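Note sheet for the following structure.
The values are calculated or read from the model by the stated rules, or taken from the named source; none is laboratory data. Bear in mind that the values here come from a model prediction, so they are computed numbers and not experimental data. Positions of Cβ are generated from backbone atoms using ideal geometry, with glycine treated the same way; all protein chains shown enter the neighbour counts.
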Amino acid sequence: MSGRKLALTHVPMLRETPTSFVSRLAVLNLCPTASDFCLDIGLDWKAVIRGSAVEIDKLAALAGADRRELQRYALRTAGPSCFRIGRETGTIATIHRSRTKICIECVAEGLRRHGISGAFRSADWQLVSIRTCERHGIWLTSLPHEKYTIDNYDVVRCIERHRTLVDEASDGAFSTPLEAYLRRRLDGTRPGFWLDAFPLHVVSRLSEMLGSRIEFGPSVRAVDLTEDMLHRAGGSGFAAIKDGPAALRLRLEGLKGDVIRKGGFQHAADLGVFYHWLSASRAPKELRPIQHIVRSFIIENYPLDPGRAILGQAVHEPKAWSAPGVPPLKWSTHWDRNILFRRTIRWQASETNRKTSF
Ligand SMILES: [Zn+2]
């Protein structure tokens, strides 16, 4: 294979994945499938799908393409439910690995320029939280899933089978600042926000869950959120947190209800879907700095029972108790709930006596 080059080749499209590039070269070189093409030229198709750096280097050499660009946008298997794209990581919940989304306008442009071998798949389209095309301002379109998962990676053949989808008009859609930020990270740029320290899957879900609470109120549930709602929420949530922890705390202040009800669960009611997501047992460990900020906010702003667990940690010294009007007291581990209850009753009785003695 050393020194051998394909006679017919393409230049990769912007952010094109290596599997998409192989699929296009297969069509250009008159092979029926990407798998057959790889057999012919000595590439391991499954290794390309797994994001093997060795195999992608071979592909770049054969096609005369920029190896750094192909390597940057390869989706690599990094664990059972974990992937890497360039310097970024993602999970099975935040990256569509085999499911294909396309911008029908971008693909139509490629078809006009190169025929069917101009159809392609861009790495940013595979992120769950990227739902629109930045150039055309339209929703991305999902292709139907193929019978065998491996066939989804032969994207030109998939688009050829569903060509009518490319001819359909897509509704206009606005691109969000969250999408722009995710694309910059995929391109290898860190814009200098505090969010740069978090993995992409955390930035995406943090923005969408906070934004869902901001946009749709305290009663909305995660199961009620449609793709359109999550898109809008992602933009709002990202705008609310991109400037740092102080901006997040300020936004949390704005979500506080006017009335503090009894029972010590007001914080969960006020923060709604955002709090439920943060407190889920499956919340990733990278979320801990955010949980710490929200937990501090709750302790400073809501009455709580001593010992109540907030975001995975018990609060032993709440700044305000859930029984309204009871002054805070240094918590002793020797005290139990009954002692606290009796103390509360005594305090309330003394308050009543004090008020009625005038
Ligand atoms: Zn487009």
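Only one of (1) among the β-branched types (Val, Ile, Thr); (2) within 16 Å of the ligand (Cβ to nearest atom); (3) in contact (Cβ under 8 Å) with a residue 60 or more places away in the chain is not met by VAL128, so which one is it?
Only one criterion is unmet by VAL128, namely (2).
Only one of SER170, SER204 is in a helix (DSSP H, G or I) and among the small types (Gly, Ala, Ser). Can you tell me which?
Values: SER170 fails: in a helix (DSSP H, G or I).
Unique residue meeting the criteria: SER204.
Could you say whether any residue in the range 88-95 is more than 16 Å from the ligand (Cβ to nearest atom), under 21 Å from SER175 (Cβ atoms), at pLDDT 90 or above and not polar (S, T, N, Q)?
yes
Exactly one condition in (1) surrounded by fewer than 17 Cβ atoms within 10 Å (Cβ to Cβ); (2) touching a residue at least 60 places away in the same chain (Cβ under 8 Å); (3) more than 21 Å from ARG50 (Cα to Cα) is not met by GLY188; state its number.
(3)
Where the second residue is away from the ligand (no atom under 16 Å from the Cβ) and outside any strand (DSSP E or B) and the first is under 13 Å from VAL166 (Cβ atoms) and lies in the range 93-114, which pairs have Cβ atoms under 8 Å and are six or more apart or on separate chains?
Cβ pairs passing all conditions: THR100/ASN152; THR100/CYS158.
Looking at the range 134-157 only, could you name the residues that are in a loop (DSSP other than H, G, I, E, B) and either among the β-branched types (Val, Ile, Thr) or in contact (Cβ under 8 Å) with a residue 40 or more places away in the chain (or both)? Talk me through it step by step, then tell me what you get.
Narrowing the range 134-157 to residues in a loop (DSSP other than H, G, I, E, B): 134-137, 140, 143-148, 154.
GLU134, LEU143, HIS145, ASP154 - these are the residues of the range 134-157 that are in a loop (DSSP other than H, G, I, E, B) and either among the β-branched types (Val, Ile, Thr) or in contact (Cβ under 8 Å) with a residue 40 or more places away in the chain (or both).
Would you be able to say whether some residue in the range 120-127 is closer than 17 Å to VAL27 by Cα and either of a type in the set (Asp, Glu) or surrounded by 14 or more Cβ atoms within 10 Å (Cβ to Cβ) (or both)? Reasoning before the result, please.
To start, the set of residues in the range 120-127 that are closer than 17 Å to VAL27 by Cα comprises 120-121.
Checking which are either of a type in the set (Asp, Glu) or surrounded by 14 or more Cβ atoms within 10 Å (Cβ to Cβ) (or both) leaves us with 120-121.
Scanning the range 120-127, I find at least one residue that is closer than 17 Å to VAL27 by Cα and either of a type in the set (Asp, Glu) or surrounded by 14 or more Cβ atoms within 10 Å (Cβ to Cβ) (or both), so the answer is yes.
Can you tell me which residue among ARG68, ARG15, ARG72, ARG24 is within 26 Å of the chain's Cα centre (by Cα), on the phi < 0 side of the Ramachandran plot and crowded, with 16+ Cβ neighbours inside 10 Å? Explain how you work it out, then say what you get.
Working: ARG68 fails: crowded, with 16+ Cβ neighbours inside 10 Å; ARG15 fails: on the phi < 0 side of the Ramachandran plot; ARG24 fails: within 26 Å of the chain's Cα centre (by Cα).
Matching residue, one of ARG68, ARG15, ARG72, ARG24: ARG72.
Here is a list of conditions, (1) over 20 Å from ARG213 (Cβ atoms); (2) at pLDDT 80 or above, and ILE298 meets all of them except one; can you say which number that is?
All conditions pass for ILE298, except number (1).
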